[in-house]
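Below: one structure, written as structure tokens.
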Amino acid sequence: MPAEMSPRERVMTAMRREQPDRVPKEAGFTPAIREMFERETGATNERDYFGMERRSVGFRRPEKLPDFSPWYPEGIPEGTTLNEYGTGRVPGDFYHFTKRIYPLTRAQTIEELEEFPWPDYTPAWRHEHLEESVAALHAGEWFVSGTVGHIWETSWQLTRMEKLMQDMAFNPRFAGYIFDRVTADRAFMARRHAEAGADMIHCGDDVGMQDRLMMSPKMWREWLKPCWRRVIAAARDVNPEILAWYHSDGDVREIIEDLIEIGFDILNPVQPECMDPAALKRRYGDRLAFWGCVGTQTTMPFGTPEDVHAVVRELVATVGEGGGLLIAPTHVLEPDVPWENVIALFEAVDQYGLY
């Protein structure tokens, strides 16, 4: 058995497809689960409490946003929060879920895009803290990811998904302008995280549905593959060894070879309801690590603690063989997940995850 590793060493080793001392782990909590956690444990930091090995850094947000009201001629509903691209989240009536509104729904021309108040990530105040933040986390021996974000998701959340897909087919200059602007932001962020010493860039897009991609593989390769190649290149120009993490829910088997080709090292979340994690390990395990694999459509909300233990044990024996696995739920833990299953997840990784 390998000697006891620091959290950073453990994740770095596993994500480089080598065998660590034990399988690393994490989980994301929705507000309802965090309230349950605090009530049940009396603690306030779930990452420290459960021994999750990763910590994240990111760019500072602007204190004041531009006036996006001209882009919403019908008005912005009361209580809406806007992000810095002007996409709005309208309060819903079911837990933490919200509705979206989109600033470029009516836009059709390049001139309109040129007038749009795009965010600027380059001012020093947005990122000059990154070196100090990464160094402090490394001093605590944490694995550090730099948050880069999305390209496809950010882009369609400007226009609505169906409109952007139509523009990709029938108004390609318009769609291309949006992708170029968003990709430039992501590439700058990736470069700065690499300069700051982050261990991994944390990025990706939900392009998978339950049984296929949202678009044809050909369209993804034409539009999004070059964008992500550019982002990874920006980080690797600074640090050739930095890890690159790609997230997409759903079934993305048709583009896994492409993701590997352009430099992604880690696939998340590997939904077992959509793809067989053990089969992916057999096919791609010499070139790709896996982060996730515990179903949040099945095991976590509807299984028993014994089911959770069985799933973790199987994942360690298959996907975790020789390294290359970080165990996590395949999405944040939603309000219908029993507290007993949350406890069972972390207990199971500690019990079965030793190499």
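The values are calculated or read from the model by the stated rules, or taken from the named source; none is laboratory data. Everything quoted here is computed from the prediction, not taken from an experiment. We place every Cβ from the backbone using ideal geometry, glycine too, and count neighbours over all the protein chains shown.
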Next on the checklist: Pull out all pairs, ordered by first then second residue, where Cβ-Cβ is under 8 Å, the residues are six or more apart or on different chains, the first lies in the stretch 247-262 and is farther than 20 Å from Ala235 by Cα, and the second is crowded, with 18+ Cβ neighbours inside 10 Å and of a type in the set (Phe, Trp, Tyr).
Outcome noted: Ile255/Trp220; Ile256/Tyr284
Item to check | Subset of the stretch 180-215 [in a helix (DSSP H, G or I) and among the charged types (D, E, K, R)] | outcome: Asp180, Arg181, Asp185, Arg186, Arg191, Arg192, Glu195
Checklist entry - Hey, any hits in the stretch 24-31 for a residue that's in a helix (DSSP H, G or I) and assigned by TED's automatic domain parsing to the domain that holds Thr330? => result yes
Checklist entry - Name the residues in the stretch 68-82 that are in contact (Cβ under 8 Å) with a residue 24 or more places away in the chain and closer than 21 Å to Val182 by Cβ, would you? => result Phe68, Trp71, Tyr72
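Filtering the stretch 49-106 down to residues that are of a type in the set (Asp, Glu) and either more than 20 Å from the chain's Cα centre (by Cα) or outside the structural domain of Ser145 (by TED's automatic domain parsing) (or both), which residue is nearest to Glu128 (Cα to Cα)? Show your work before the answer.
Applying the first criterion (of a type in the set (Asp, Glu)) to the stretch 49-106 yields 53, 63, 67, 74, 78, 84, 93.
With either more than 20 Å from the chain's Cα centre (by Cα) or outside the structural domain of Ser145 (by TED's automatic domain parsing) (or both) added as a condition, the list becomes 63, 67, 74, 78, 84, 93.
Working: Glu63: 16, Asp67: 26, Glu74: 38, Glu78: 34, Glu84: 19, Asp93: 39 Å.
Out of the qualifying residues, it is Glu63.
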Checklist entry - Inside the stretch 76-119, can you point out the residues that are of a type in the set (Gly, Ala, Ser) and in a strand (DSSP E or B)? => result Gly88
Checklist entry - Can you pull out the residues in the stretch 216-232 that are surrounded by fewer than 20 Cβ atoms within 10 Å (Cβ to Cβ) and not in a helix (DSSP H, G or I)? => result Ser216
Item to check | Flag if Glu241 is assigned by TED's automatic domain parsing to the domain that holds Ala184, outside any helix (DSSP H, G or I) and either at negative phi or touching a Leu at 6+ places or on another chain (Cβ under 7 Å) (or both) | outcome: yes
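So if I check each of Trp142, Trp152, which one is under 22 Å from Ala235 (Cα atoms) and touching a Pro at 6+ places or on another chain (Cβ under 9 Å)?
Working: Trp152 fails: touching a Pro at 6+ places or on another chain (Cβ under 9 Å).
Result: Trp142 is the single residue among Trp142, Trp152 that is under 22 Å from Ala235 (Cα atoms) and touching a Pro at 6+ places or on another chain (Cβ under 9 Å).
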Next on the checklist: Here is a check on your reading of the model: is Ala235 under 19 Å from the mean Cα position of the chain (by Cα), buried (at least 19 other Cβ atoms within 10 Å of the Cβ) and in a strand (DSSP E or B)?
Outcome noted: no
Checklist entry - Under 8 Å by Cβ, and 6 or more places apart or on different chains, what pairs join a residue from the stretch 294-313 that is within 17 Å of Asp350 (Cβ to Cβ) with one that is surrounded by fewer than 19 Cβ atoms within 10 Å (Cβ to Cβ)? => result Pro305/Glu340; Pro305/Ile343; His309/Glu347; His309/Gln351
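Have a look at Pro305, Pro301 and point out the one that is in contact with an Asp or Glu (Cβ under 8 Å, 6 or more places away or on another chain), under 20 Å from Gly51 (Cβ atoms) and either in the same structural domain as Ile343 (by TED's automatic domain parsing) or surrounded by fewer than 24 Cβ atoms within 10 Å (Cβ to Cβ) (or both).
Numbers: Pro301 fails: under 20 Å from Gly51 (Cβ atoms).
It is Pro305.
Can you tell me which residues in the stretch 134-179 are assigned to a strand (DSSP E or B), farther than 20 Å from Gly86 by Cα and among the hydrophobic types (A, V, I, L, M, F, W, C)?
Of the stretch 134-179, the ones assigned to a strand (DSSP E or B) are 143-149.
Okay, now just the ones that are also farther than 20 Å from Gly86 by Cα, so 143-146.
Answer for the stretch 134-179, where residues must be assigned to a strand (DSSP E or B), farther than 20 Å from Gly86 by Cα and among the hydrophobic types (A, V, I, L, M, F, W, C): Phe143, Val144.
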